Amino acid sequence: MIVTTTPAIEGRPVRDYLGIVTGEVIVGANLVRDLFAAVTDIVGGRSGKYEEVLQRARREALDEMEAEAEKLGGNAVVGVDIDYEVLGSGNSMLMVSCSGTAVVV
């Protein structure tokens, strides 16, 4: 499955547009991870635990979107957009959503 943020794939003309496909994942923050991130913020550096959660959520959202495209008979998704939002009381949850157009190339 080709997944790209561009509206077209060079050298691979779109033969059929199948529709918009999406993937959404919401993950909650963890107290231990929050404490670790707070220490990292004080000392400086990157928060590896948060980065791991973010990477996993993004991959799951993209996988969900690709699966939806495959169900429609697509072999590519073009024009992909990925968005991040914090939700919940105290901004305790992270939502990763992605959308694009399923196509046959």
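Run the quick spin-label model on residue 58 and residue 105: label points 7 Å from Cα toward the beta carbon, then report their separation in nm to one decimal.
Result: 2.0 nm between the two label points.
Give me the number: length gained by fully extending residue 12 to residue 85, i.e. 0.36 nm times residue separation minus the C-alpha to C-alpha distance, one decimal in nm.
22.9 nm is the gain from fully extending residue 12 to residue 85.
With a point put 7 Å past each Cα toward its Cβ, work out how far residue 75 is from residue 27 in nm, to one decimal.
3.2
Which value, in Å² rounded to 10, gives the accessible area of residue 60 with a 1.4 Å probe and all protein chains present?
Using a 1.4 Å probe on the heavy atoms, I get roughly 80 Å².
What is the distance, in nm, between label points placed 7 Å from the Cα along the Cα-to-Cβ direction at residue 20 and at residue 51?
3.3
The values are calculated or read from the model by the stated rules, or taken from the named source; none is laboratory data. These numbers come from a predicted model, not from an experiment. Cβ: placed from backbone, ideal geometry, glycine included. Neighbour counts: every protein chain shown. Note: accessible area is taken over every heavy atom of the protein model, side chains too, but ligands, DNA and RNA are not part of it. Shrake-Rupley method; radii C 1.70, N 1.55, O 1.52, S 1.80 Å.
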